[in-house]
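Derivation of every value follows stated rules applied to the coordinates shown; laboratory data play no part. These figures come from a predicted structure and were not determined experimentally. Every residue, glycine as well, gets a Cβ built from its backbone with ideal geometry; the counts of neighbours run over all protein chains shown.
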Amino acid sequence: MSLLRNALTLTAVTLLSLAGAAAPAGAADTTSTTPRSADTAVAGTAATTPRTSGSAVAGALGAAPRTGGSAVAGALAAAPRAGNSAAADPTPGAPKKLFSIDDPRVDESSGLAKSAKYDSIWWTVNDSGDTARVFGVDKTGKVRIQLKFKAPVKDVEAIGVDRDGTIYIADIGDNNRSRDTIEVYTIPEPSALEDDDDVKFHRYDFEYPDGPHDAETLLIEPETKRLYFVTKVKTKPGAFYAAPATASREGTNKLTKLADVPAGPYGFTDGTFMPDGKTVVLRTYIDVATMTWGDTPALVARAGTPVAQGESVAVGPLGTDILVGSEGKSSPVYQMAAPAKPTAAKPPAASNPVTPKPAANASTDPKKSHSLRWIVIGAALLALIITFVTFPAGRRERLDRMAENARLTGQPPPNPHGRRRSNA
């Protein structure tokens, strides 16, 4: 029994010492010191994601368009809201109000085009119901000049200017789709900013290949001066239609369908080529869309604008920015960046941490180390339990034998603490 006890005790001590050696040094600290790269990466991405102007979409949601109220109201209500913190923390290119057109003569501005001759002049026209006239507005919103020409206009919806300083007035609106032809009138930019009530003009007639269409967008390709129209459709995408490379004032010019345009809330209401001729910006009631130009124009990006009933877009004073406007009295005009495809933000350095190297005496597999440690500890505890259970029983058996021998020989009973009693 003594040998058994000694063996069990030795086994328990050995196993406990092995358990201490098997537990990796610093294992308990591994979890707390290992960087949480996934969480850091997400936090970094959120911090570096550009914020889209919340005020832009919020302003667009403020009112429903005058025409086709219920259809457009639904589109406005469904427009996604951007980050609301943009107003407090504006990002580069966020829209800012440049001016308002307060002149009572301009009460339904339906197009905007940057002058080729005057740096700080934009030409605009009123929507249907007005006479044949255009207004030159400066960067404070003041009407500096009014030009009239004697033409029987029906529904003027757009205006453009080519590089040579020719103004194009597009009589292309057709809400009922009943016009056999549409017309574009041209007048020269004046040599001075002085009113003129009888400007000489030219007229060009155009016909769609597939029946009448409503349209509010005229595009003038900078290099070739070729004209393009974008039809306005409520329930499905409109299309680009190209005029002949050289339009004629004799007879009717046949248009050619070039490509579909992306769907927009209630269709596109204006557009412009950017000066490089490589991109086009189109306007809807609530946003603007940038497209690459070519045989098949492709959408690049879209962005909300801060005005409802959006009716106009033009190249801005920087040449790389745009102006967006609305109709109505005292209509505001905002300057903003043309939408561009966002670039992927690089995660900060903290999102790609270097994982610390394990200690030299630590296990390289935390799971295996963890399992081995508990197996050894369990075995050691079992050995201790067996030892302490068997040890008291063996001692009681020895004491009982000693007591029996003492009784038979008439000697004093043994001391339970291992020492004999003294006879003194």
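Below are the figures for this structure:
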item: Loop-located trypsin sites (Lys or Arg not before Pro) in segment 180-253, at most 11 other Cβ atoms within 10 Å (DSSP); result: K200, R249
item: Qualifying GluC sites (Glu not before Pro) for segment 215-293 [loop in DSSP, other Cβ within 10 Å: at most 11]; result: E223, E250
item: Amide H partners (placed H, <5 Å) of D270, local residues excluded; result: R283
item: R0 of 41 Å, Cβ-Cβ distance K257-Q146: FRET efficiency to nearest 0.05; result: 0.65
item: Label-point gap, in nm, between R226 and D107 - each point 7 angstrom along Cα→Cβ; result: 4.1 nm
item: Built amide H within the under 5 Å cut-off of T217, gap 5+; result: V230
item: Virtual spin-label span in nm between D276 and S178, 7 Å along Cα→Cβ; result: 4.5 nm
item: Global form of segment 100-173, assessed from the alpha-carbon gyration tensor, a/c cut-off 1.5; result: oblate
item: Segment 145-301 - charge dipole about Cα centre, Lys and Arg +1 at Cβ, Asp and Glu -1, debye rounded to 20; result: 440 debye
